[in-house]
Ligand SMILES: *Cc1c(COP(=O)(O)O)cnc(C)c1O
């Protein structure tokens, strides 16, 4: 199997190359050239298997024999052994037919661990095989940096530099990054805001000469391996609820669309899915596009669900590629228009998307209301991202006899501010993290100057 670009112009790549590459050279994103199929028998045989074994079976065709089975099984098993729940991603039944898929039992309490625990290991494996080292650079406003750091802390061939805005990250989120004292982990607090940090990372990717030939790797959500790892929990949860003999629906709190696109891939692989409900916060480009065919950028709004604060959903391009029947030129033309001005999808692709996707947008006041309402009805305290999903799932449920699985993307303790705003006294950290506020921290404060940051990277990478 090869991987091709959604804009049709970049060279096709192997799995190894696609893991080591971010964006395609034509500005597109990589997708598999053919979609592997899971038969009804394949799904039936998964019932009762461990999460790691299901993960191995679902992802194996995408790896295309480029990692031997024994090694790949070991990487997968190690990745998911870092989760604190034996089921890795347990299902929690809320009412007669509504389930929460708890994706937050990983090291940083949010669903990005599912992908990044594997991605770090895959990168390390391929770099070691090539006798290369690489540098990861990323900027974070708090939430995703820690998942990248936890995914790479044991990787011998990677050094990771995560920039966060000095004194502008919540204490829990800062400590989740800065208390990782591994030799290859470098936290840099930038005397500026998130945009300053982001701009320096972008400039470093645009001109990598400061690294003298060392590979610079991005671990953002456009990396194909992240999508691949996320396909697994759609399959595992549907099988747990009776697939292939029973259909399920999923509701996904969405931002860059990586998570829900992984679900769509599971569906295209043969998983019987009735519908996907896309939940957004007030940054509602996905909802506006689906509901009103308004495919346009709007100003960024800071919400109570900050990990869903986006202007553009980068992975939506992968779905557009499918909806436009894999016509890369049409996707490139649409996205070029979109960058310049408000635009709309063509009728046929939009109609095709509406057959399988529904959407709902949830503002901040409603997030607080939902946290209270869900607690009243189910005793669960939802994090603000999951709260958008809970409401969207109720509103866009569809056929009541089809089980609805809402993806719980973060642990409420990670976003306690919103929970307190909703009127609760707070949420304790889970037991294995309850000493977080006492752990030793390590980070370096630097001015918001590109030269200073790049010099720090060059001097400290191993
Ligand atoms: C990243 C994130 C999301 C959004 O996921 P996408 O794949 O970008 O759609 C939702 N909730 C939480 C807690 C996240 O960290």
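Quick notes
- Test: residue in region 115-129 that is away from the ligand (no atom under 16 Å from the Cβ), at pLDDT 95 or above, surrounded by fewer than 18 Cβ atoms within 10 Å (Cβ to Cβ) and not in a loop (DSSP other than H, G, I, E, B): yes
- Every residue from region 422-443 that is out of contact with any helix residue (DSSP H, G or I) (no Cβ under 6 Å at 6 or more places or on another chain), surrounded by 15 or more Cβ atoms within 10 Å (Cβ to Cβ) and modelled with pLDDT of 95 or more: 424
- Scope region 323-343; condition touching a strand residue (DSSP E or B) at 6+ places or on another chain (Cβ under 8 Å) and surrounded by 14 or more Cβ atoms within 10 Å (Cβ to Cβ); matching residues: 328, 334, 338, 343
- Selection from region 409-421 of residues that are within 16 Å of the ligand (Cβ to nearest atom) and in contact with a helix residue (DSSP H, G or I) (Cβ under 7 Å, 6 or more places away or on another chain): 409, 410, 412, 414, 415, 418, 419
- Selected residue (criterion: farthest from the ligand (Cβ to nearest atom)) from residues of region 231-257 that are within 25 Å of residue 300 (Cβ to Cβ) and buried (at least 24 other Cβ atoms within 10 Å of the Cβ): 251
- Some residue of region 405-419 being closer than 27 Å to residue 381 by Cβ, part of a helix (DSSP H, G or I) and more than 24 Å from the chain's Cα centre (by Cα): no
- Every residue from region 383-404 that is within 16 Å of the ligand (Cβ to nearest atom) and assigned to a helix (DSSP H, G or I): 384, 385, 386, 387, 388, 389, 390, 391, 392, 393
- Region 100-114, residues that are in contact with a strand residue (DSSP E or B) (Cβ under 9 Å, 6 or more places away or on another chain) and either more than 10 Å from the ligand (Cβ to nearest atom) or at positive phi (or both): 100, 101, 102, 109
- Index of the failed condition, residue 330 passing every other in (1) closer than 28 Å to residue 23 by Cα; (2) within 14 Å of the ligand (Cβ to nearest atom): (2)
- Residues of region 201-214 that are under 16 Å from residue 148 (Cβ atoms) and surrounded by 15 or more Cβ atoms within 10 Å (Cβ to Cβ): 201, 204.
- Just one residue in the set 354, 377 is more than 16 Å from the ligand (Cβ to nearest atom) and either farther than 27 Å from residue 300 by Cα or more than 24 Å from the chain's Cα centre (by Cα) (or both); that residue is 377.
- Residues being outside any strand (DSSP E or B), away from the ligand (no atom under 12 Å from the Cβ) and touching a strand residue (DSSP E or B) at 6+ places or on another chain (Cβ under 7 Å) - total across region 139-161: 4
- Condition met for residue 242 (assigned to a loop (DSSP other than H, G, I, E, B) and farther than 30 Å from residue 462 by Cβ): yes
- Considering (1) at pLDDT 95 or above; (2) buried (at least 19 other Cβ atoms within 10 Å of the Cβ); (3) part of a helix (DSSP H, G or I); (4) touching a strand residue (DSSP E or B) at 6+ places or on another chain (Cβ under 9 Å), the lone condition that residue 288 does not fulfil carries the number (2).
- Considering 237, 221, the condition of being part of a loop (DSSP other than H, G, I, E, B) and either closer than 30 Å to residue 310 by Cα or modelled with pLDDT of 95 or more (or both) is satisfied by 221 alone.
The values are calculated or read from the model by the stated rules, or taken from the named source; none is laboratory data. All figures in this text were calculated on a predicted structure; none of them were measured in a lab. Don't worry about glycine lacking a Cβ; one is built from the backbone with ideal geometry, like all the others, and counts go over all protein chains shown.
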